[in-house]
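What follows is a structure written as structure tokens; I'll ask about it next.
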Amino acid sequence: VPGEYTVAVTVNAQTEKTTVTVHPDPNVHIDEADFRAQTEAALTAENEFRALNRMIERMDAIERQLADFWRTVESEPDIKDRYLVLLQHAKDLDNKLKALKATVYNPDMQHQVSEDDIHFLADFHSQLGRLAGMLAFAYDEPPNALINARMQELRKQLDDHLAAFNNFLKNDVGAYNKSASESGAPTLFAAPVTVTSTADEP
């Protein structure tokens, strides 16, 4: 966005700063307010897509933690009986997690391969990613009413997915961790996910 910016360069622990002025591209004729609106929309969509990816990564991390616990117990027959109840609890938790993940991401689909749309309906991850990508390249096109409506629709769905995941952490993972702690087994860890506001960014 055109305006005054401070640029800082640090080399060998020494920082030099200067002020620069960014002027609008003379080849692009767009109102500054429209340009700011497009930039805000693109950054918002990027933050939303980043939050969704963060949620999926934390789902994957929980799955790996559960798998490590299963492998450890299975490799130690002498202690398996001690953890039979917790193993079943872990399997139930993993099934819930897979069902939750399936609401946003289809692992059978080749993401970023548009031809796979012939075989699969676009999942939520693909829908949000395409919107973010479209807005990132719409350099001189402010979002119209249709795009704004689509952004609001996907944001509502994203908020619902994040709420479901955060509740899963609080309730289901919390209950599992209580049982694991009581039996002396490793607990699971994953932090809740929220969408970063563009107002919080430098």
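The values are calculated or read from the model by the stated rules, or taken from the named source; none is laboratory data. None of the values given here were measured: they were computed from a predicted structure. Virtual Cβ from ideal backbone geometry, glycine too; neighbours counted across all protein chains shown. Keep in mind that these areas ignore ligands, DNA and RNA; they rest on the heavy atoms of the full protein, side chains included. Shrake-Rupley method; radii C 1.70, N 1.55, O 1.52, S 1.80 Å.
For the list (1) open to solvent by 60 Å² or more (accessible area, probe 1.4 Å); (2) outside any helix (DSSP H, G or I), I need the number of the one condition that Ala191 fails.
Here Ala191 clears every test but (1).
Provide a single number: the residues in the stretch 1-55 that are open to solvent by 90 Å² or more (accessible area, probe 1.4 Å) and in a helix (DSSP H, G or I).
Residues in the stretch 1-55 being open to solvent by 90 Å² or more (accessible area, probe 1.4 Å) and in a helix (DSSP H, G or I): 3 in total.
Condition first: in contact (Cβ under 8 Å) with a residue 24 or more places away in the chain and polar (S, T, N, Q). Now tell me which residues in the stretch 54-82 satisfy that.
Once the filter is applied, which keeps residues that are in contact (Cβ under 8 Å) with a residue 24 or more places away in the chain and polar (S, T, N, Q), the stretch 54-82 yields only Gln65.
Do any residues in the stretch 171-184 that are open to solvent by 60 Å² or more (accessible area, probe 1.4 Å) have Cβ atoms under 7 Å from those of residues that are outside any helix (DSSP H, G or I), where the two are at least six apart or on different chains, and which pairs are they?
Ser181/Thr187
Go through the stretch 185-198 and give me each residue that's within 17 Å of the chain's Cα centre (by Cα) and without any contact (Cβ under 8 Å) to a residue 12 or more places away in the chain. So that I can check it myself, show each step before the final result.
Initially, the stretch 185-198 is screened for residues within 17 Å of the chain's Cα centre (by Cα), giving 189-198.
If the condition is that a residue be within 17 Å of the chain's Cα centre (by Cα) and without any contact (Cβ under 8 Å) to a residue 12 or more places away in the chain, then no residue fits.
Any residue in the stretch 31-53 that is closer than 15 Å to Gln152 by Cβ sitting within a Cβ distance under 6 Å of a residue that is open to solvent by less than 60 Å² (accessible area, probe 1.4 Å) and in a helix (DSSP H, G or I)? List the pairs, counting only those 6 or more apart or interchain.
Ala41/Leu135; Thr44/Thr198; Ala45/Leu131; Ala45/Ala132; Ala45/Leu135; Glu48/Leu158
Hey, among the residues in the stretch 119-147 that are in a helix (DSSP H, G or I) and free of Cβ contacts under 8 Å to residues at least 40 places away in the same chain, which one's nearest to Thr39 (Cα to Cα)? Reasoning before the result, please.
Going through the stretch 119-147, the residues in a helix (DSSP H, G or I) turn out to be 124-137, 145-147.
From what's left, free of Cβ contacts under 8 Å to residues at least 40 places away in the same chain: 126-127, 130, 133-134, 137, 145-146.
Values: Ser126: 21, Gln127: 20, Arg130: 16, Gly133: 13, Met134: 12, Phe137: 10, Ala145: 16, Leu146: 17 Å.
Checked the stretch 119-147; the qualifying residue nearest to Thr39 (Cα to Cα) is Phe137.
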